[in-house]
1. Which one of these is among the β-branched types (Val, Ile, Thr), open to solvent by less than 60 Å² (accessible area, probe 1.4 Å) and more than 26 Å from Gln138 (Cα to Cα): Ile223, Ile209, Ile153, Ile262?
2. Taking into account only those residues within the stretch 93-112 that are among the charged types (D, E, K, R) and at negative phi, which is least open to solvent (accessible area, probe 1.4 Å)?
3. Of (1) open to solvent by less than 20 Å² (accessible area, probe 1.4 Å); (2) of a type outside the set (Ser, Thr, Tyr); (3) part of a loop (DSSP other than H, G, I, E, B), His304 satisfies all except one. Which?
4. Is it the case that Asp309 is surrounded by fewer than 18 Cβ atoms within 10 Å (Cβ to Cβ), of a type outside the set (S, T, N, Q) and part of a helix (DSSP H, G or I)?
5. On the basis of being in contact with a Gly (Cβ under 8 Å, 6 or more places away or on another chain) and either at positive phi or outside any helix (DSSP H, G or I) (or both), does Leu59 make the cut?
6. Gln65 - would you say it is at pLDDT below 95 and surrounded by fewer than 15 Cβ atoms within 10 Å (Cβ to Cβ)?
7. For the stretch 96-104, indicate whether the set of residues that are in contact with a Phe, Trp or Tyr (Cβ under 7 Å, 6 or more places away or on another chain), within 22 Å of Ala291 (Cβ to Cβ), touching a residue at least 12 places away in the same chain (Cβ under 8 Å) and assigned to a strand (DSSP E or B) is non-empty.
8. Please give the strands (runs of 3 or more DSSP E) falling wholly within the stretch 205-290 in which 3 or more residues are out of contact with any His (no Cβ under 8 Å at 6 or more places or on another chain).
Amino acid sequence: MPLQFNPVKLFAGSGTKELANKIAESYGKPLGNVTLSKFSDGEFQPSYDESIRGCDVFLIQSTYQPSDNLMELLLMVDAAKRASAHYITAVVPYYGLSRQDRKDKPRVAIGAKLVANLMKSAGIHRIMTMDLHAAQIQGFFDVPVDHLDGSVIFVPYIKSLGLENLTIASPDMGGSYRARTFAKFFNAEVVICDKRRKRANEIESMSIIGDVTGMDIVLMDDICDTAGTLAKAAALIMENGAKSVRAVCTHPVLSGNAYETIENSMLTELIVTDTIPLKQSSPKIRVLSTASLFAKAIANVNEHGSISDLFTV
């Protein structure tokens, strides 16, 4: 008996409209209409302007600056469930609160797990995301997780640069696995910047493990927040004799003075994706689109195809 495919409808939250439009264009189907009603006290209520009964619904919303974007997504999920959607997939290009993935000191929350519980309780059947801060966060969900790999976007771009002495670097010990995985695509060496923090977003000291002399360095990370770590790592790498230094970060959170920090840094460029919209342009920031990758993943989910096929560079 042939597989039955339910009608697909794509909807965007207000925080990810630009990327959602690109995903819809790449998928070949227009975004559905959602109205976000706002009240004077800041409360809001999303509602669908068309029937979604029996449909496979994909709700596209990154949860950066997480409170409002996350709450809007949860309300959209709940509304879809109550409108009799057949299957609800939360497409969350950037999964906010992912840095709170463990109890690393007494009396703290595990925010990444809490968000997973909230999404499940709201009614999602599946979540699709990209480059989680820690891959183990997938285990926080009791529904299928499609964890897309940004390498398929970054590797072709780095190859196009034709860097002669490419070496991959991790800006901290925690990112060493990510750097080693990325380095395999180029058969490149890996160096690590060992940093010690005084507190969140403030570095006490940093040192390099490995030789960077004469090398074209590409720093790998999943999130660029204040850009302090990348700027300090870039300066240290250049001081130790590197030929050039670039950074690749999937999610451009870029808070505080991040744009100024990047422009004043030793970085040749910062390569990011559009999982979070930039607040301003910068000559040093290059944005690569994730739209085609998410569109293919959505098609494969709807057609019961393989997601792992999309990881081939």
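The values are calculated or read from the model by the stated rules, or taken from the named source; none is laboratory data. Since the model is a prediction, treat every value here as computed from it, not as a measurement. Here Cβ is always computed from backbone atoms with ideal geometry, including for glycine, and neighbour counts include all displayed protein chains. Heavy atoms of the whole protein, side chains included, go into the accessibility calculation; ligands, DNA and RNA do not. Shrake-Rupley method; radii C 1.70, N 1.55, O 1.52, S 1.80 Å.
1. Numbers: Ile223 fails: more than 26 Å from Gln138 (Cα to Cα); Ile209 fails: open to solvent by less than 60 Å² (accessible area, probe 1.4 Å); Ile153 fails: more than 26 Å from Gln138 (Cα to Cα).
Exactly one residue qualifies, and that residue is Ile262.
2. Asp101
3. Of (1) open to solvent by less than 20 Å² (accessible area, probe 1.4 Å); (2) of a type outside the set (Ser, Thr, Tyr); (3) part of a loop (DSSP other than H, G, I, E, B), only one is false for His304: (1).
4. Numbers: surrounded by fewer than 18 Cβ atoms within 10 Å (Cβ to Cβ): yes; of a type outside the set (S, T, N, Q): yes; part of a helix (DSSP H, G or I): yes.
Yes: the conditions hold for Asp309.
5. Details: in contact with a Gly (Cβ under 8 Å, 6 or more places away or on another chain): yes; either at positive phi or outside any helix (DSSP H, G or I) (or both): yes.
Here the answer is yes, as Leu59 does meet what is asked.
6. yes
7. Taking the stretch 96-104 first, the residues in contact with a Phe, Trp or Tyr (Cβ under 7 Å, 6 or more places away or on another chain) are 96.
Applying the additional criterion that residues be within 22 Å of Ala291 (Cβ to Cβ) yields 96.
Filter once more, keeping what is touching a residue at least 12 places away in the same chain (Cβ under 8 Å): 96.
If we keep only those that are assigned to a strand (DSSP E or B) as well, we get none.
The answer is no, given that none of the residues of the stretch 96-104 is in contact with a Phe, Trp or Tyr (Cβ under 7 Å, 6 or more places away or on another chain), within 22 Å of Ala291 (Cβ to Cβ), touching a residue at least 12 places away in the same chain (Cβ under 8 Å) and assigned to a strand (DSSP E or B).
8. Details: elements: 216-224, 244-252, 270-273, 285-288.
Where strands (runs of 3 or more DSSP E) fall fully within the stretch 205-290 and carry at least 3 residues being out of contact with any His (no Cβ under 8 Å at 6 or more places or on another chain), they are 216-224, 244-252, 285-288.
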